[in-house]
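What follows is calculated from the coordinates using simple rules that are stated; it is not laboratory data. Because the structure is predicted, anything quoted here is derived from the model rather than measured. Every residue, glycine among them, receives a Cβ derived from its backbone with ideal geometry; neighbour counts consider all protein chains shown.
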Amino acid sequence: MIWYLNYIMGMATKSKKRLLVIGGPTGTGKSDIAYNVALKINGEIISADSMQFYREINVGTDKVPLWMRERVPHHLIDFLSICDDFDVYQFIKLATGEIDEILRKEKIPIVVGGSGLYLRCLLKGIFYIPDEMKEKQKDIRDKLENENTEILYQTLQKVDHSIAKVLHPNDRKRIRRALEVYYLTGKQMSLLQKERSPIISEDIKIHYYILTRDRKEMYNRIDARVEKMFESGWIDEVRILKNQGYEEYLRLKAPIGYKEILEYLDGRYTMDELKAMIKKRTKNLARRQLTWFRKEDGIWIEIKGDGEDAVSKILKNFKGEI
């Protein structure tokens, strides 16, 4: 009888380890909802938004305001320079470390973001490149570095169409990464992703929620957010960063809007053309993100209004699945 009670108690202890993940396209309001959920369940938030990692860019990344971070701890925001190299392997290492530390404090880790690849690799695992292939990897990386982005994307479409169709043609970093994996292993990244091992420990229960909104409402929110960014000094931010020598990094790594503003500063667009372009490209991004998330295994929640209904649904489901 004693061994049985110990077994039950051990199972109960294990069941207390839980991870909440919130994903979805841009413009849905993930950050606000995650914050309100965290307040209710004693949670801490880990960002899975790759653009919020960079400390130099702020206005165009719609970062969580400082007052929110003071009430609820947020991790993996402003910890990286846009000049630094960073990839999904490093994200997995940092994110799992944060998850373990938050669990150690007997709090609930909440991973939030729209970077679908980062979330997928965290939840489903990732493949690693053996150390003995590192030298070959460097040679391949150097070769790819000398090719322009358009040619790289066209090549990726030929060798791994499944990955190419979910990447933006200008996403040079991830395009190079997919080609690097192909040339290094002789296998498509889309196939290797199916062979990966889980990252999250089996004794942690994962609750994955994917947020969405009515398409028209989401687009209206994107329009309003872009206008707010301009009102908050987006152009001045880009101008200052350009003068500080960050132009090349902004063109290669920064999210939608930074490259366009650089071109505006060069006199290529009017202000109306600039805003219209950024709004259009952000909506296109939201559509691609929706396509990505439709392939994931999360629980879909449609947000209405200020998102209180979504918070309630997440809390009800989360508390009901212990």
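When a footprinting reagent is the concern and you count Cβ atoms within 10 Å, what order do E180, E227 take, fewest first?
E227, E180
Determine ³J(HN,Hα), in whole Hz, for all residues of segment 139-156 in sequence, where each value follows from phi through the Karplus function 6.51 cos²θ - 1.76 cosθ + 1.60 and θ = phi - 60°; x replaces Gly and Pro.
Rounded to whole hertz, the list is 4, 5, 4, 5, 5, 5, 4, 8, 9, 7, 5, 4, 5, 4, 5, 4, 5, 5.
In the structure displayed, which of K253/K280; K93/K253; K158/K295; K158/K279 lie more than 25 Å apart, Cα to Cα?
K158/K279
Please list, in chain and number order, the residues 5+ apart from E44 or on another chain whose amide H is under 5 Å from its amide H, with Hs placed from the backbone.
I108, I110
Calculate one ³J(HN,Hα) per residue across segment 241-254 by plugging θ = phi - 60° into the Karplus curve 6.51 cos²θ - 1.76 cosθ + 1.60, and present them in order as whole Hz with x for glycine and proline.
Couplings: 5, 4, 5, 8, x, 9, 4, 4, 5, 5, 5, 8, 10, 6 Hz.
Expressed in nm to one decimal, what extension gain is obtained for the pair A276 and E247 from 0.36 nm per residue of sequence separation less their Cα-Cα distance?
8.2 nm
How many angstrom lie between the Cα centre of segment 244-322 and the Cα centre of segment 156-184?
21 Å
Go ahead and estimate [θ] at 222 nm for the chain from helices alone: -39,500 (n - 2.57) per DSSP H run with n ≥ 4, summed, over the residue count, rounded to 500.
Rounded to the nearest 500, it is -17000 deg cm²/dmol.
Around I126, which amide H atoms from residues at least 5 apart in sequence, or from another chain, sit under 5 Å from its own amide H, with H modelled in the peptide plane?
Here S197 satisfy the definition.
Assuming 0.36 nm per residue, please report the length gained on full extension of the stretch D87 to W300 beyond their Cα-Cα distance.
73.9 nm
Give me the orientation-averaged projected area of the Cα convex hull of the chain, in nm², one decimal.
Its average projected convex-hull area is 18.8 nm².
Would you please state the base-10 log of I(q)/I(0) at q = 0.16, 0.22, 0.23 1/Å for segment 131-195, with intensities from the Debye formula using one equal scatterer on every alpha carbon?
So the normalised log intensities are -0.47, -0.87, -0.95.
Given labels modelled 7 Å from the Cα in the Cβ direction, how far is it in nm from K228 to E202?
With each label point 7 Å from Cα toward Cβ, the separation is 4.4 nm.
Give the long-range amide H neighbours of I206: residues separated by 5 or more places, or on another chain, with amide H under 5 Å away, using H modelled in the peptide plane at 1.01 Å from N.
L19
Could you pull out every one of the aspartates and glutamates with an alpha carbon less than 16 Å from that of K216, ignoring same-chain neighbours closer than 8 positions?
Partners within reach: E302, D306.
Grab the Cα-Cα distance for N148 and R69, subtract it from 0.36 nm times how many residues apart they are, and report the gain in nm with one decimal.
Extending this stretch completely gives an extra 24.5 nm.
From the phi angles alone, apply the Karplus equation (6.51, -1.76, 1.60; θ = phi - 60°) to segment 269-277 and give each ³J(HN,Hα) in whole Hz, x where the residue is Gly or Pro.
9, 7, 4, 5, 5, 4, 4, 4, 5
For E132, put the label point 7 Å out on the Cα→Cβ axis and report which residues of segment 163-185 keep their amide N under 20 Å from it.
Counting only backbone N, you get 181-185.
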